[in-house]
Amino acid sequence: MTRVTGGTGDHGIDGTINEDALGLDQVCVQAKRYAEGKNVGAGDLRNFAGALDQAGTSKRIFVTASDFTTAAMNYVEKSPKRIVLINGTDLASLLVKHNVGVRTSRTYEVKRVDKDFFDELN
């Protein structure tokens, strides 16, 4: 089950995903849709990490349509709290890979010679 919690008073967590039917294992998600050129900084990640301490979960994903600053990536690399970072490029790749929010506009057919067909003629 997925639950959106974002908005005023969300305590820094935009959503949760239950990994099992009972909700015993949760993944917390934070999403930022910043304008092009405005990247997520270390402060955003520190705030998210603090919110997660209160939520009591160890699985965390931070998604942005833009990118992360070097300081943000360094913070996550050195932090004992594991936070998976997904930037705009990674997000687009995941959406295409899992066929979410995309539509096939054209399909190409590639032909090859069927050797078995010709072997049967001899």
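Figures for the structure shown
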read-out	value
Residue of ALA65, ALA35, ALA51 that the Gaussian network model of the chain assigns the largest fluctuation, springs spanning Cα pairs under 10 Å	ALA35
Mean Cα-pair separation over length for the chain, i.e. relative contact order, pairs under 8 Å, 6 or more apart, %	18
Extension gain from LYS59 to TYR108, taking 0.36 nm per residue of separation minus the Cα-Cα distance	13.7 nm
Principal-axis tilt of helix 88-97 within the chain, Cα atoms, nearest 10 degrees	40
Net charge of Cβ neighbours under 9 Å - reference LYS81; Lys, Arg +1; Asp, Glu -1	+1
Helix-derived mean residue ellipticity, 222 nm - over the chain, DSSP H n ≥ 4, -39500 (n - 2.57), to 500	-9500 deg cm²/dmol
For the stretch 98-108, 3J(HN,Hα) per residue [Karplus equation, 6.51 cos²θ - 1.76 cosθ + 1.60, θ = phi - 60°, Hz, x = Gly/Pro]	9, 6, 10, x, 10, 9, 6, 9, 8, 10, 10
Partners for LYS59 among lysines (Cα-Cα distance below 26 Å; same-chain residues under 8 apart left out)	LYS32, LYS38, LYS78, LYS81, LYS97
Under 5 Å, built H, 5+ apart or other chain: amide partners of PHE68	VAL40
Using distinct alpha-carbon pairs, which all enter the 1/r mean, Kirkwood radius of the stretch 55-122 in Å	16.4
Charge context of ALA65, other residues only, Cβ under 11 angstrom, K/R +1, D/E -1	0
Under DSSP loop assignment and at most 10 Cβ neighbours within 10 Å, longest GluC sites (Glu not before Pro)-free interval of the chain	37-108
The stretch 44-86: chymotrypsin sites (Phe, Trp or Tyr not before Pro) falling in loop per DSSP and having at most 11 other Cβ within 10 Å	none
In Hz, Karplus ³J(HN,Hα) per residue of the stretch 32-48 (6.51, -1.76, 1.60; θ = phi - 60°; x = Gly, Pro)	10, 10, 8, 5, 4, x, 9, 9, 6, x, 4, x, 4, 6, 4, 4, 5
Alpha carbon centroid spacing (whole Å) that separates the stretch 37-84 from the stretch 103-117	44
Estimated translational D of the chain in µm²/s (Stokes, Kirkwood radius over Cα pairs; 20 °C; 1.002 mPa s)	125
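Read the figures in this text as sums done on the coordinates, not as results from a lab. Model, not experiment: these values are computed from the prediction. Neighbour counts run over all protein chains shown; Cβ positions are idealised from the backbone, glycine included.
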